[in-house]
1. So, LEU183, is that one open to solvent by less than 80 Å² (accessible area, probe 1.4 Å), in a helix (DSSP H, G or I), hydrophobic (A, V, I, L, M, F, W, C) and more than 30 Å from ASN255 (Cβ to Cβ) or not?
2. I'm trying to understand the selection: among the residues of the stretch 149-165, which are of a type in the set (Gly, Ala, Ser) and either surrounded by 12 or more Cβ atoms within 10 Å (Cβ to Cβ) or within 20 Å of PHE115 (Cα to Cα) (or both)?
3. Determine which single condition THR155 fails, assuming it passes every other condition in (1) assigned to a helix (DSSP H, G or I); (2) touching a residue at least 60 places away in the same chain (Cβ under 8 Å); (3) closer than 17 Å to ALA237 by Cβ.
4. Hey, can you tell me all the residues within the stretch 126-151 that are in contact (Cβ under 8 Å) with a residue 12 or more places away in the chain and over 15 Å from VAL179 (Cβ atoms)?
5. Taking ASN240 as the residue in question, decide whether it is modelled with pLDDT of 85 or more and open to solvent by 70 Å² or more (accessible area, probe 1.4 Å).
6. With the requirement that a residue be of a type outside the set (A, V, I, L, M), more than 17 Å from ARG129 (Cα to Cα) and part of a loop (DSSP other than H, G, I, E, B), what does the stretch 191-248 give you?
7. Here's a check for you: in the stretch 197-226, which residue that is in contact with a Gly (Cβ under 9 Å, 6 or more places away or on another chain) and within 21 Å of LEU299 (Cβ to Cβ) is surrounded by the fewest Cβ atoms within 10 Å (Cβ to Cβ)?
8. (1) under 30 Å from GLY131 (Cβ atoms); (2) surrounded by 17 or more Cβ atoms within 10 Å (Cβ to Cβ); (3) over 20 Å from the mean Cα position of the chain (by Cα): which one isn't true of TYR168, the others all being true?
Amino acid sequence: MTTRVLERPAPPVGGAARPSRWAAPARPVWEEPPTRAGLTAKAGLLVLACLAVLFPLWIVVVTSVSSKRTITEAGGLVVVPRDFTLIAYRELLSGGQVTRAVAVSLGVTLVGTLFSMTVSVLCAYGLSRPGSVGHRAILFTLMGTMFFGAGLIPTYLLVQTLGLTDTYLALILPSAVSVFNILVLRAFFMGISPELTDSARIDGAGDLRILWTIVMPLSRAVIAVITLFYAVGYWSAWFNASIYLNDQTMMPLQNVLIQLAQKQEIPVGLGQAVKAGNLSGLAVQMAVMVLALLPVAVLSPFVQKHFKKGMLTGAVKG
């Protein structure tokens, strides 16, 4: 009895080999083109995710530009816009507590972001230079602060001892530097080719000139991302103002929004308009919320393109 051995057919001579059922697939399964059903499911999930994010924002914006009669007929939040009016924004920005709070938030955000970025960039650049004195000890000390903190009471006593209570510096200095942001900047700076800095140093450039003319232009992506992080942090901060400020006229916008959300008080200058029936208190709350969200919503798309390059490159190279 003879046994037949099955052999794969040999490719034709002088031509390309034909694909056969024994041949391995050209690409793994996860790299195959998606099916129509898969594309439809992905599109449906993306649409649902966008609706889940945009629908609450739509309600907030529509309610803020609705008249008191429309809000009363809707029983609260308005979904379908009717009787379009900007009375809430006009009253909020005509002077008073909200206008002052917007100015405070803008000033703290601009000054705080500039100060934080200056300190973070200088610290990260110094720690990224292997020959800098004591950089390893300083690095481990900074990393230790990420896991161990002094606590709220010692921090408050320190701020009080320095005489920073009831000053705008109390909104900036206690949270001026983020160690995480410094580590991301340091990792990105270390990824820059040392030949560039060495050639500049041979030509007589100092560290500050190298940082300003070589390192920072090559790090625009990560600097843009970290700047946005700091700016959003300062703009959204409310805790420091609630414990370090006693003067209500110095409160930033987020604290005014909290007061409105808790219905503790109507901002100065709007009480009579609400009592006279010309303005709804709910429209005022939604308008303040829109003012608080507007700067972040406007700036984020311009920095979005830098997120992948800035954050992922810094994280991988670190």
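The values are calculated or read from the model by the stated rules, or taken from the named source; none is laboratory data. The structure presented is a predicted model; accordingly, all values stated were derived computationally and were not measured. Here the Cβ positions follow ideal geometry from the backbone for every residue, glycine too, while neighbour counts run over all protein chains shown. Quick note on the areas: whole protein, heavy atoms, side chains included, nothing else; ligands and nucleic acids left out. Shrake-Rupley method; radii C 1.70, N 1.55, O 1.52, S 1.80 Å.
1. Numbers: open to solvent by less than 80 Å² (accessible area, probe 1.4 Å): yes; in a helix (DSSP H, G or I): yes; hydrophobic (A, V, I, L, M, F, W, C): yes; more than 30 Å from ASN255 (Cβ to Cβ): yes.
Judged against the criteria, LEU183 is a match.
2. First, pick out the residues of the stretch 149-165 that are of a type in the set (Gly, Ala, Ser): 149-151, 163.
Hit for the stretch 149-165 is GLY163, nothing else.
3. Every condition holds for THR155 apart from (2).
4. ARG129
5. On the way: modelled with pLDDT of 85 or more: yes; open to solvent by 70 Å² or more (accessible area, probe 1.4 Å): no.
Taking the combined requirement at face value, the residue does not satisfy it.
6. Here is the first cut: in the stretch 191-248, the ones of a type outside the set (A, V, I, L, M) are 191, 193-195, 197-199, 201, 203-204, 206-207, 209, 212-213, 217, 219-220, 227, 229-230, 233-236, 238-240, 242, 244, 246-248.
Restricting the remaining residues to those that are more than 17 Å from ARG129 (Cα to Cα) gives 203-204, 217, 220, 227, 229-230, 233-236, 238-240, 242, 244, 246-248.
Those that are of a type outside the set (A, V, I, L, M), more than 17 Å from ARG129 (Cα to Cα) and part of a loop (DSSP other than H, G, I, E, B): ASP203, GLY204, TRP238, ASN246, ASP247.
7. So the residue we want is ARG220.
8. The single condition TYR168 does not satisfy is (1).
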